[in-house]
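Notes follow the structure.
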Amino acid sequence: MNTNNRQEQGQMIASIKNAVKRINDVTYIVNSQSGSGSYTINLNKIGFVCSCPDHQYRDVKCKHIHAVEFSSALREQVQSDIIITPIDSLSCRYCNSENILKKAIRHNKYNNIEILV
């Protein structure tokens with residue numbers, strides 16, 4: 001199996017929903033393409049290490065490592081595109097006017113919350 005074929009198969013695995021599961025910053029679980037289990041991929045100082053036979057015996061970057069790389073790149077791209085705007089409670093959420101009329105107080109079991117309109 002050549003490198004391009006492994007990359008293509010890794011991209012196919014990464015495109016399947018829930019095929020690559022991120023456990024933490026250094027550990028991933030990737031489902032087998034044949035559907036007969038999963039493999040653990042760990043990141044160490046020298047790179048990714050996979051528990052599959054292709055990586056263990058041939059010491060090559062397997063399709064599972066490629067899938068993790070594609071998934072990580074996609075996650076980083078999404079994180080850079082997300083913009084969270086802060087909520088300003090001193091202005092109207094509809095028209096941004098600072099002339100706020102306090103309408104009511106909402107009671108819940110923890111405390112009272114003013115509802116601003």
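All of the numbers you see were taken from the coordinates with simple rules; none came from a lab. Predicted model only: the values in this text are computed from it and were never measured. Positions of Cβ are backbone-derived with ideal geometry, glycine not excepted, and every protein chain shown enters the neighbour counts.
Phi angles of the stretch 59-73 translate, via the Karplus equation with coefficients 6.51, -1.76, 1.60 and θ = phi - 60°, into HN-Hα couplings of 6, 10, 6, 7, 5, 6, 5, 4, 4, 5, 5, 5, 5, 5, 5 Hz per residue; Gly and Pro are given as x.
May I ask for the equivalent-ellipsoid semi-axes of the chain, computed as the square root of five times each C-alpha gyration tensor eigenvalue and listed largest first in whole Å?
Values: eigenvalues 488, 50, 31 Å².
For the chain, the ellipsoid semi-axes come out as 49, 16, 12 Å.
Loop-located chymotrypsin sites (Phe, Trp or Tyr not before Pro) in the stretch 16-117 (DSSP state other than H, G, I, E, B) with a sparse environment of at most 10 neighbouring Cβ atoms within 10 Å: Tyr94, Tyr110. In the elastic network of the chain, a GNM with C-alpha springs shorter than 10 Å, the most mobile of Lys45, Lys63, Lys17 is Lys45.
Its relative contact order, with pairs defined as Cα atoms under 8 Å and 6+ residues apart, puts the stretch 3-81 at 32 percent. Ordering Gly10, Val26, Tyr39 by Cα displacement along the dipole of the stretch 3-81 toward the positive end leaves Tyr39 in first place; charges were set at the Cβ atoms of Lys, Arg (+1) and Asp, Glu (-1).
In this calculation the C-beta distance from Asn24 to Asp59 is compared with R0 = 30 Å, giving a FRET efficiency of 0.75. I want to verify a result. In a Gaussian network model of the chain, Cα cutoff 10 Å, which of these has the top mean-square fluctuation: Ser51, Ser34, Ser91? Most flexible of the set in this elastic network: Ser91. In a GNM of the chain with a 10 Å cut-off on Cα contacts, which of Asn99, Asn44, Asn18 has the highest mean-square fluctuation? Most flexible of the set in this elastic network: Asn99. A Cβ-based charge dipole, computed about the Cα centre of the stretch 13-117 with Lys and Arg at +1 and Asp and Glu at -1, lands at about 360 debye.
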